[in-house]
1. If you line up the long axis of helix 21-32 against the longest principal axis of the chain, both from Cα atoms, how many degrees apart are they, to the nearest 10?
2. Measure nothing fancy, just the Cα-based angle from helix 43-65's long axis to the longest principal axis of the chain, in degrees from 0 to 90, nearest 10.
3. Can you list residues whose amide H is under 5 Å from Leu9's amide H, if they're 5+ apart or on another chain and H is modeled 1.01 Å from N?
4. Quick one: if the Förster radius is 25 Å, what FRET efficiency do Glu66 and Glu142 give, using the C-beta to C-beta distance and rounding to 0.05?
5. Could you grab the relative contact order for the chain? Cα pairs under 8 Å, six or more apart, rounded to a whole percent.
6. Based on the alpha carbon coordinates of the range 20-136, what radius of gyration and maximum Cα-Cα distance (Dmax) apply, in Å?
7. How far, in degrees from 0 to 90, does helix 88-100 lean away from the longest principal axis of the Cα atoms of the chain, to the nearest 10?
8. Based on DSSP H runs of at least 4 residues, each adding -39500 (n - 2.57), what is the mean residue ellipticity at 222 nm of the chain after dividing by all its residues, to the nearest 500 deg cm²/dmol?
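Read-outs throughout are calculated quantities, based only on the coordinates presented, and are distinct from any laboratory measurement. Every value quoted in this text rests on a predicted model; they were computed, and no experiment measured them. Cβ sites come from the backbone with ideal geometry, for glycine too, and all protein chains shown count toward neighbours.
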Amino acid sequence: MEDIARYSLTLVGTVHGDPRGQARAGKLLNHLRPDLVTVEISPFSLRYRRRHGRRWQRQLATALAELPAGAALHLAIRRLTAQVALPFEVRAAGDYGRSCDVPWRPLDLGFLSRRHLPRYGPELLSPANVQALLTTADGSLEDFVAGQFRRARQALAQAPRRPFSPGAPETLRREHYLARRLRQLALRHRRMVHLGGWEHLVDWRDSPGLWGDLADLKPRRVLLDEADRLPAFSGA
């Protein structure tokens with residue numbers, strides 16, 4: 001692997017819900033040794049998840065208790081379980097921050113979270129919805145995540161068109177905000193790492209976004225599964 005520790009700003013592309021994500025992120029952070037970590041999550045989302053997370057887990061357990069044995073291993077259920085858990089990116093940033101005495105920051109706008117998170121309890125985790133997930137295509141979560149990383153590598157290499165309308169205002173608004181905040185913070189820190197979904201790192205052909213706003217800073221783009229190629233962290 002190229003010496004990614006020499007870059008002042010590293011953008012790490014994740015696949016949300018990666019079952020190996022926390023270990024991978026921890027390994028990568030300990031390799032990069034940033035003095036600031038930012039995570040693609042809004043302060044609102046972080047507070048809301050911490051306040052309601054235990055209730056969500058109880059709801060999910062109750063819904064699963066009504067389903068056949070082994071239902072929790074279904075791909076859609078495993079993805080749902082990851083969706084309602086505290087994101088691994090947050091857990092990894094917090095662990096690294098405590099062990100190395102460096103700060104981490106949630107960095108995103110909260111308008112999408114304010115719209116969607118209150119629906120988790122009454123809709124997403126309802127027994128009827130959880131049961132309906134069993135009718136969707138099954139498979140391995142690990143294989144699904146690996147497929148997403150392959151898709152990410154192809155997109156980073158080819159700069160394709162966005163898979164949605166290039167004028168989607170909410171996504172562009174988020175990306176411009178993130179770019180502005182990352183630029184401000186990068187100018188004040190010697191080495192900084194941002195953990196966020198890989199889609200925001202792509203130089204989309206048909207619309208501007210996070211990467212276009214930051215390209216002049218020459219940040220390094222890394223996909224999280226590249227941590228698999230790093231030696232085991234010794235803790236020294």
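1. Approximately 10 degrees, to the nearest 10.
2. The helix 43-65 is inclined about 30 degrees to the chain.
3. Amide H neighbours of Leu9: Met192, Arg220.
4. Working: r = 27 Å, r/R0 = 1.07.
Efficiency at R0 = 25 Å is approximately 0.40.
5. RCO, the chain: 42 percent.
6. 16.2, 47
7. Roughly 50 degrees, rounded to the nearest 10.
8. Theoretical 222 nm ellipticity from helices: -15000 deg cm²/dmol.
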